[in-house]
Amino acid sequence: MRFSLVVAAVLVALGLIVTFAPSYAVRYLVGAELDALGIEYDGLETLEIRPWTRELRLGPVRFGQQASARGGVGDLDLTLRVNPLLRRRAAIERLVISDIEILVTHGTDGALSLNGIALDELLPGRPQSAEPDTESASWTAGVDALELRDSTLIFQRSDGGTLDVEVERLAMTDFRAWEPDQPGHFELTAGVNDIQLNWSGEVRPFADNITLDIDSRTAQAELPKLIRFTGPLGLD
């Protein structure tokens, strides 16, 4: 009887560790990396990993290096597929992201920043003498279903040009690098500098010969809206 109780207690303890430890470990590691980069953030405690259902959830979370430029993610819901990992495939079964706010700035020196964070800090270049990472190169990735909702991307050029992208909905299905000849499908409803886009189609981004088949409907594409980003076209 006592042995049975000990076994039950051990199993319960292991279950609790498997259930809760991944979330705390990832929060700590991500937080430590952001702190090392000097990136301010709020909401990291919302990150939750559910091993039993293969889910990761996050949001709302804010991040940036300048208070005026801080962006964020309202909600992120990710479900992974486990079996493809055995074949070196990072397979996303479902990914839904909403209420993203991103500000990309192009400086006079040509450098890009994301919500005040210099991209060269996030994506350091590989030394020219470094050998290719064959281990990571052997992995492929794919997504069964991705949906982006109600999100904003603002791109500001050093000369004052601004590109405002308001995504109402972007849906992508069946994008898999290990099936390069199979098309992925997409639907996009968005506004770019108040130019309304309703696009759908299919694309083969991983094929040797990339193909794109698109059914596009564009409305309210007046010249002043384009000039907001490009600047004067010199046609006067």
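Are any of the residues in segment 94-104 of a type in the set (K, R), in contact with a Leu (Cβ under 8 Å, 6 or more places away or on another chain) and more than 26 Å from R169 (Cβ to Cβ)? Talk me through it step by step, then tell me what you get.
So the first thing to find is which residues in segment 94-104 are of a type in the set (K, R), and the list is 94.
When the remaining residues are screened for being in contact with a Leu (Cβ under 8 Å, 6 or more places away or on another chain), the result is 94.
Keeping just the survivors that are more than 26 Å from R169 (Cβ to Cβ) gives none.
No, segment 94-104 has no match at all.
Rundown of residues vs (1) closer than 22 Å to D150 by Cβ; (2) loosely packed, with under 12 Cβ neighbours inside 10 Å; (3) at pLDDT below 70; (4) acidic (D, E), yes/no style:
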| residue | (1), (2), (3), (4) |
| --- | --- |
| D75 | yes, no, no, yes |
| T79 | yes, no, no, no |
| A90 | no, no, no, no |
| G110 | no, yes, no, no |
| S113 | no, no, no, no |
| P132 | no, yes, yes, no |
| S136 | no, yes, yes, no |
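Can you tell me which residue among T19, T53 is out of contact with any Gly (no Cβ under 8 Å at 6 or more places or on another chain), part of a loop (DSSP other than H, G, I, E, B) and surrounded by fewer than 16 Cβ atoms within 10 Å (Cβ to Cβ)?
Values: T19 fails: part of a loop (DSSP other than H, G, I, E, B).
After applying the criteria, what remains is T53.
Kindly establish whether E33 is assigned to a helix (DSSP H, G or I) and either closer than 29 Å to V167 by Cα or among the basic types (K, R) (or both).
It is false that E33 is assigned to a helix (DSSP H, G or I) and either closer than 29 Å to V167 by Cα or among the basic types (K, R) (or both).
Out of segment 180-220, which residues are charged (D, E, K, R) and either crowded, with 17+ Cβ neighbours inside 10 Å or in a strand (DSSP E or B) (or both)?
E187, E202, R204, D213, D215, R217
Would a scan of segment 154-164 turn up a residue that is touching a Lys or Arg at 6+ places or on another chain (Cβ under 8 Å), more than 30 Å from R87 (Cβ to Cβ), surrounded by 14 or more Cβ atoms within 10 Å (Cβ to Cβ) and modelled with pLDDT of 95 or more?
No - not one qualifying residue is present in segment 154-164.
The values are calculated or read from the model by the stated rules, or taken from the named source; none is laboratory data. Quick caveat, the model's predicted, so the values are computed rather than measured. Because the Cβ atoms are built from the backbone with ideal geometry, glycine has one as well, and the counts that use them run over all protein chains shown.
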